[in-house]
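Enquirer: Below you will find the structure I want to go over with you.
The values are calculated or read from the model by the stated rules, or taken from the named source; none is laboratory data. All of these numbers come straight from a predicted model, not from anything done at the bench. With ideal geometry, Cβ positions are generated from the backbone for all residues, glycine too; neighbour counts draw on all protein chains shown.
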Amino acid sequence: MKKNTKILIIVILILLILFGIIFCKFSRNKLSLKKQEEQLENIYEEDSFFEDESTPEEEQKGHNLKLTIVGPKEDVILRGQARMYDALVEGNGKYSKRVRCSWKFYLNENNEEVLFREQDTSNWLSEESENICGFTSTFIDKIGKLRVVLTMTVYDATNDNIETITAEREYTVLN
């Protein structure tokens, strides 16, 4: 009987020790999660990226953005050649805003212009003038007259459309 009591006491002690270890680990994880949540809250509070810091003067100024397709630079491009399609935005960008760029490529092969390809990109508008909406591709694999239309839409932090502007440029695609 004494043996059974000793074994029972040892088992209970082992269980208490295991319970204590598990409880300590759970408490640490809970504290760690709480610390991480506090750090994230501090980051969001300190980060002005999500806040609208415009002054009343800036709010009165409207956007006066101008969009120009600047790449490829040449008016004649070769079929299948890697080209950097890029645009320059100029004007009053006010403060960081998200932009979506919708590129449309129209090819006139046999006296009929057809939508050849579409490409969407996104970026951030943060300065008065900057290159934006760029990408590189080799997908123009046919010859003819190529008309490139870029539509850039500026969104604020709440996904509201602030402004949409369009640019267009023509190229000749040779063999």
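Enquirer: Hey, among GLU118, GLU163, GLU113, GLU170, which residue is acidic (Asp, Glu), farther than 19 Å from LEU65 by Cα and in contact (Cβ under 8 Å) with a residue 60 or more places away in the chain?
Expert: After ruling out the rest, the residue left standing is GLU170.
Enquirer: On to the next question. Could you figure out which of (1) modelled with pLDDT of 85 or more; (2) of a type in the set (Val, Ile, Thr); (3) assigned to a loop (DSSP other than H, G, I, E, B) isn't true of VAL148?
Expert: All conditions are met except number (3).
Enquirer: Can you name the number of the only condition in (1) in a loop (DSSP other than H, G, I, E, B); (2) hydroxyl-bearing (Ser, Thr, Tyr); (3) touching a Ser or Thr at 6+ places or on another chain (Cβ under 7 Å) that SER102 fails?
Expert: Looking at each condition in turn, SER102 falls short on (1).
Enquirer: Still on this structure: Determine if the range 14-31 includes at least one residue that is closer than 26 Å to TRP124 by Cα and modelled with pLDDT under 70.
Expert: no
Enquirer: Within the bounds of the range 110-118, is there any residue that is surrounded by 13 or more Cβ atoms within 10 Å (Cβ to Cβ), modelled with pLDDT of 85 or more, in a strand (DSSP E or B) and acidic (Asp, Glu)?
Expert: Yes, the range 110-118 contains a residue that is surrounded by 13 or more Cβ atoms within 10 Å (Cβ to Cβ), modelled with pLDDT of 85 or more, in a strand (DSSP E or B) and acidic (Asp, Glu).
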